[in-house]
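First comes the structure, then the notes that go with it.
The values are calculated or read from the model by the stated rules, or taken from the named source; none is laboratory data. It should be emphasised that the depicted structure is a prediction, and the values quoted were computed from it without experimental measurement. In this analysis, Cβ positions are derived from the backbone assuming ideal geometry, glycine residues included, and neighbour counts consider all displayed protein chains.
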Amino acid sequence: MKLTDRAALINRDPMTIGERIYLPAIMKGLSITVSHIFKKKVTVSYPEEQRQFSPVFRGLHVLNRDEEGRERCTACGLCALACPAEAITMEAAERKADEKHLYREEKYAAKYEINMLRCIFCGFCEEACPKDAVYMSETVMPADYTRRSFIYKKEDLLISHPKK
Ligand code: SF4
Ligand code: SF4
């Protein structure tokens, strides 16, 4: 439709007295506002209030430990390979003889980072992990002020007690 055709559709009848004083329109707008005051609220005061999420909700990642408290991750890199957002980076290291109580296998992640600004919470990393080392918790990612604070390091992700 041409612009001139559209302009022809505009109602150019002179305004009535009611339309000129805008009062009916204001009253109509106020009545809509007042009707919403008595309706059930759909917003929550996060973070004081938390919403109930679906049981399949995927929140912040967690690095798990085994029953003896040792790190499960062996830095195999499968989670990083499966990640479509390339959000995971890691560096592998070899366990020393006196570190058997710290790491479950001979290789472990000396560095493990997830860039949460890249992450799309798809859960592929969790599915790819053969050691049940990374899983997605029910914790909602907190807001923050800097880009750097969204890069979660191994120390941020590693839980102190194993989750069964
Ligand atoms: S949840 Fe998906 S996007 Fe996020 S780190 Fe895991 S694989 Fe990557
Ligand atoms: S979290 Fe799992 S998949 Fe990722 S490097 Fe560690 S052991 Fe491998």
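Scanning region 28-50 for residues that are surrounded by 10 or more Cβ atoms within 10 Å (Cβ to Cβ) and either under 30 Å from Ala128 (Cβ atoms) or aliphatic (A, V, I, L, M) (or both) returns Leu30, Val44, Gln50.
Would you call Phe53 in a loop (DSSP other than H, G, I, E, B) and either in contact with a helix residue (DSSP H, G or I) (Cβ under 9 Å, 6 or more places away or on another chain) or modelled with pLDDT of 90 or more (or both)?
Taking the combined requirement at face value, the residue does not satisfy it.
For region 87-113, the tally of residues that are in contact with a Gly (Cβ under 9 Å, 6 or more places away or on another chain), away from ligand 1 (no atom under 16 Å from the Cβ) and more than 10 Å from Glu71 (Cβ to Cβ) stands at 2.
Taking every residue in region 139-164 that is farther than 23 Å from Thr89 by Cβ and pairing it with any residue that is of a type outside the set (S, T, N, Q) and not in a loop (DSSP other than H, G, I, E, B), at least 6 positions away or on another chain, the pairs with Cβ-Cβ distances below 6 Å are Pro162/Arg65.
Applying the condition of being in contact with a strand residue (DSSP E or B) (Cβ under 9 Å, 6 or more places away or on another chain) and small (Gly, Ala, Ser) to region 83-105 and asking which residue is farthest from ligand 2 (Cβ to nearest atom) yields Ala85.
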